[in-house]
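The values are calculated or read from the model by the stated rules, or taken from the named source; none is laboratory data. In this text, all values refer to a predicted model and were calculated from it rather than measured experimentally. Every residue, glycine among them, receives a Cβ derived from its backbone with ideal geometry; neighbour counts consider all protein chains shown.
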Amino acid sequence: MRLKRLIYKLILLVLLITASQNHGWAKKESEYPVKIETSLNSSLVYGSLGEYVYSGSRTVSRLDWDMQGIVFTGFSINAEISKSCIIHAEFNYGISDDAGRIRDYDWENSDSLTNYSNHRCILEKAFTFKASAGYRLSLSDSITLTPDLFISAFDIKLTALDGYYQYPPDSAPIDLYGTVISYRQRYLIQGIGITAALSLKKIKVSAELAYGFCGKCRAVDSHHLRDTDFYDSFDSVKMFSARAAAQFSLTEHHFAGLFTGLISMPETKGDEYHIDTSSGARSNTLQDSAGVKLKLYQTGIYAGLKI
């Protein structure tokens, strides 16, 4: 429901921007017919997810989940519905694969490490979605600046397989087999962005900065060997992202390009409760007892069609 309300707000924004043009809609439509670009992309993603448990000001547990060399594929669509009004939507899907390692650190009633485990990290699923509406400003014949409003959604699920644990950390490793931990992070973020673009005869270069200031995250950590599921909620997630791209015109209607970018969500505190899956017993909710973090780097290529 929240996502639907945000989409309705974006649609309303597009209508308001369009209605605010200097000329009537009928004249604009004839002068600037709707232009659509659609493209497919493939990229490599490197980064990590962080998971934290706090006791007051102390960090008592930290899990570092790798996302190394994950292949994402996706598509995007850009619609220029007037000379200045641009709407954009994109969807990307991560292909399930080995993502690296997951390392679990615990500090029980001490500042010294007491528990340590290390496992294979498997990406079970991942997708990202973004929709935006922007107003393009022409600074010259070749340079434009486009501020926009956007909503983004992320859903990432990882699994810890096999590996070993050490208790205490300097003891002999004890092997583990099968699924040890499952972890899922889901984000919904609203924010603002700005894109600068330089268009030459056959090349278009662009740079984008975005700031998500109204983000929510829901996370579930299932410790299968302990029969415990941890449920975390975060209502003040911030997001910073940057992206650069170079696009080349191949024909009048075809183009290709490459891009690179960064998405960062700094460590954020939230609330947590847990459920004993063997008995169904639920704990009390502890405020500011859980933490979350995400950082991803992406590099890829794309090809598309102008309609």
Name the pairs whose Cβ atoms lie under 6 Å apart, with the first residue in region 242-271 and of a type in the set (Lys, Arg), the second assigned to a strand (DSSP E or B) and surrounded by 15 or more Cβ atoms within 10 Å (Cβ to Cβ), and 6 or more positions between them or separate chains?
ARG243/GLU208; ARG243/GLY261; LYS269/GLY291
Please specify each residue of region 252-298 satisfying the condition of being more than 18 Å from the chain's Cα centre (by Cα) and of a type in the set (A, V, I, L, M).
ALA256, LEU258, ILE275, ALA281, LEU286, ALA290
Is there any pair linking a residue in region 209-238 that is over 18 Å from ASP288 (Cβ atoms) to one that is of a type in the set (Gly, Ala, Ser) and in a loop (DSSP other than H, G, I, E, B), with Cβ under 9 Å and at least six apart or on different chains, and which?
HIS224/GLY178; LEU225/GLY178; ASP227/SER278; ASP227/SER279; THR228/SER278
Can you give me the number of residues within region 153-180 that are touching an Asp or Glu at 6+ places or on another chain (Cβ under 7 Å), of a type in the set (A, V, I, L, M, F, W, C) and assigned to a strand (DSSP E or B)?
1
Since GLN185 meets every condition but one in (1) surrounded by 21 or more Cβ atoms within 10 Å (Cβ to Cβ); (2) in contact with a Pro (Cβ under 8 Å, 6 or more places away or on another chain); (3) not charged (D, E, K, R), which condition does it not meet?
(2)
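Can you tell me which residue is modelled with the lowest pLDDT among those in region 23-55 that are assigned to a strand (DSSP E or B), farther than 21 Å from THR299 by Cα and of a type in the set (Gly, Ala, Ser)? Working first, answer last.
First, pick out the residues of region 23-55 that are assigned to a strand (DSSP E or B): 35-55.
Then keep just the ones that are farther than 21 Å from THR299 by Cα; that gives 35-36, 50-55.
Add one more test, that the residue is of a type in the set (Gly, Ala, Ser), and what stays is 50, 55.
Details: GLY50: 95, SER55: 92.
Checking each candidate, the answer is SER55.
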Hey, could you check region 69-97 for residues that are surrounded by 17 or more Cβ atoms within 10 Å (Cβ to Cβ) and of a type in the set (Val, Ile, Thr) and say which is farthest from THR195 (Cα to Cα)?
ILE70
Given (1) part of a strand (DSSP E or B); (2) under 24 Å from SER39 (Cα atoms), where does GLU252 come up short, assuming only one miss?
(1)
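Any idea which of GLY134, GLY100 is crowded, with 18+ Cβ neighbours inside 10 Å, in a strand (DSSP E or B), in contact with a Cys (Cβ under 7 Å, 6 or more places away or on another chain) and not β-branched (Val, Ile, Thr)? Walk me through it before giving the result.
Working: GLY134 fails: in contact with a Cys (Cβ under 7 Å, 6 or more places away or on another chain).
GLY100 is the lone residue from the list that is crowded, with 18+ Cβ neighbours inside 10 Å, in a strand (DSSP E or B), in contact with a Cys (Cβ under 7 Å, 6 or more places away or on another chain) and not β-branched (Val, Ile, Thr).
Is it the case, given these coordinates, that SER222 is in a strand (DSSP E or B), over 30 Å from LEU258 (Cβ atoms) and small (Gly, Ala, Ser)? Even if it seems obvious, please write down each step before you answer.
Working: in a strand (DSSP E or B): yes; over 30 Å from LEU258 (Cβ atoms): yes; small (Gly, Ala, Ser): yes.
So SER222 fits the description; yes.
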Qualifying positions in region 238-282 - in contact with a Phe, Trp or Tyr (Cβ under 6 Å, 6 or more places away or on another chain), crowded, with 18+ Cβ neighbours inside 10 Å and more than 26 Å from ARG186 (Cβ to Cβ)
ALA245, GLN247, GLY257
Lone unmet requirement of (1) over 26 Å from GLN298 (Cα atoms); (2) within 18 Å of the chain's Cα centre (by Cα); (3) not β-branched (Val, Ile, Thr) for ASP148:
(1)
In the set ARG101, ARG58, the lone residue that is at pLDDT 95 or above, among the basic types (Lys, Arg) and at negative phi is ARG101
